[in-house]
1. Only residues in the range 127-149 that are farther than 20 Å from Arg175 by Cα count as the first member; pair them with residues that are assigned to a loop (DSSP other than H, G, I, E, B) and open to solvent by less than 10 Å² (accessible area, probe 1.4 Å), Cβ under 8 angstrom, at least 6 apart or cross-chain, and list the lot.
2. Taking Arg260 as the residue in question, decide whether it is open to solvent by 20 Å² or more (accessible area, probe 1.4 Å) and touching a residue at least 12 places away in the same chain (Cβ under 8 Å).
3. So, in the range 241-270, how many residues would count as being over 18 Å from the mean Cα position of the chain (by Cα) and in a loop (DSSP other than H, G, I, E, B)?
4. Which residues, counting only those in the range 140-161, are buried (at least 20 other Cβ atoms within 10 Å of the Cβ), of a type in the set (A, V, I, L, M, F, W, C) and within 15 Å of the chain's Cα centre (by Cα)?
5. All but one of (1) within 17 Å of the chain's Cα centre (by Cα); (2) in contact (Cβ under 8 Å) with a residue 60 or more places away in the chain hold for Cys173; which doesn't?
6. Leu234 fails exactly one of the following numbered conditions: (1) in contact with a Leu (Cβ under 8 Å, 6 or more places away or on another chain); (2) part of a helix (DSSP H, G or I); (3) of a type outside the set (Gly, Ala, Ser); (4) open to solvent by 10 Å² or more (accessible area, probe 1.4 Å). What is the number of that condition?
7. For residues that are of a type in the set (S, T, N, Q) and either assigned to a helix (DSSP H, G or I) or at pLDDT 95 or above (or both), tally how many sit in the range 161-177.
8. Quick check: anything in the range 10-20 touching an Asp or Glu at 6+ places or on another chain (Cβ under 7 Å), polar (S, T, N, Q) and within 17 Å of Arg175 (Cβ to Cβ)?
Amino acid sequence: MTDDGRALVLGAGGITGIAWELGLVAGLAEHGVDLTSADLVVGTSAGAVVGTQLPGGIDLHTRYLRELEGARGEQPGRMGLRNLVRLGLAGFHANDPVDARRRIGALALAARTESEAQRRKTVASWLGGVEGWPDKHLEVTAVNAVTGEFVVFDKDGGVDPVAAVAASCASPCVRPPSTVGDARFIDGGIRSPSNADLAAGYGRIVLLTPVEHGGEGMGSPAEEAARLAETARLVHIAPDAEARPRVGRTVPQMLRPARRAEAAKAGYAQAARVADQIARVWTT
């Protein structure tokens, strides 16, 4: 880490979060703000999908146009009320954050979902054109479904990037845990919607978060941003009043492939409204 480096943190947010982040990053590039030049990219869940694509050799506008195709045949995610309650109670009754993650992991391992093989195919399609880990420093977050341990995957760990990203966006009770080695992993957003603390030590930080609040016992991205801002120049962007209805306000809304195109357009449009704010941190 370096105190004059630049870090881009991309938070969790389902299918619409992926689209909003890609639209926003592509729109910012059109306004002269190149976030792909980051020294560190931290990707959690939706952010892992986006972060893996940024340095992948395919231009951002092409990535954005793919989001405008809307639903692309993937299986919609469904988070029923029963599972929402069970996940909430797991965190409420836990002794500490690790215990909460263990309890949530147990629910995820027992849940009926699509097959892991089918999920890998979907994630690989999202990352179309990406071969291997990017040369730049990308950190993909996940949680061990059995132990509750927080883990960070990167190019030095010998992990297939598709498996790592599938782990990071394995929403418990919605998507199957992802097998990496002899362990299974679930969504990095179970620890934090952004895991922005991984950017500590960098002098300039851009934090993009489709989700603004964490679950039981989690801090919010705004709280994480406030702590980082004590030692860094930081800008935190979430969907604004115009973008939020298109990204979605609930988990079920954010898991719907049919909302992808509108969320991408919302991110692209929001870029024009925040480009100057981000540029003051990123480029000056």
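1. Every condition considered, the pairs that remain are Lys136/Ala38.
2. Details: open to solvent by 20 Å² or more (accessible area, probe 1.4 Å): no; touching a residue at least 12 places away in the same chain (Cβ under 8 Å): yes.
So Arg260 fails the test.
3. Residues that pass the stated criteria total 2.
4. Scanning the range 140-161 gives Val140, Ala142, Val143, Val151, Phe153.
5. Failed condition: (1).
6. Status for Leu234: all satisfied but (2).
7. Of the residues in the range 161-177, the ones of a type in the set (S, T, N, Q) are 168, 171.
Retained after the next criterion (residues that are either assigned to a helix (DSSP H, G or I) or at pLDDT 95 or above (or both)): 168.
Total meeting the criteria: 1.
8. no
The values are calculated or read from the model by the stated rules, or taken from the named source; none is laboratory data. Because the structure is a prediction, the values reported are computed rather than measured. Neighbour counts are summed over all protein chains in view; Cβ atoms, including those assigned to glycine, are modelled from backbone coordinates with ideal geometry. These accessible areas exclude ligands, DNA and RNA; they are computed on the full protein's heavy atoms, side chains included. Shrake-Rupley method; radii C 1.70, N 1.55, O 1.52, S 1.80 Å.
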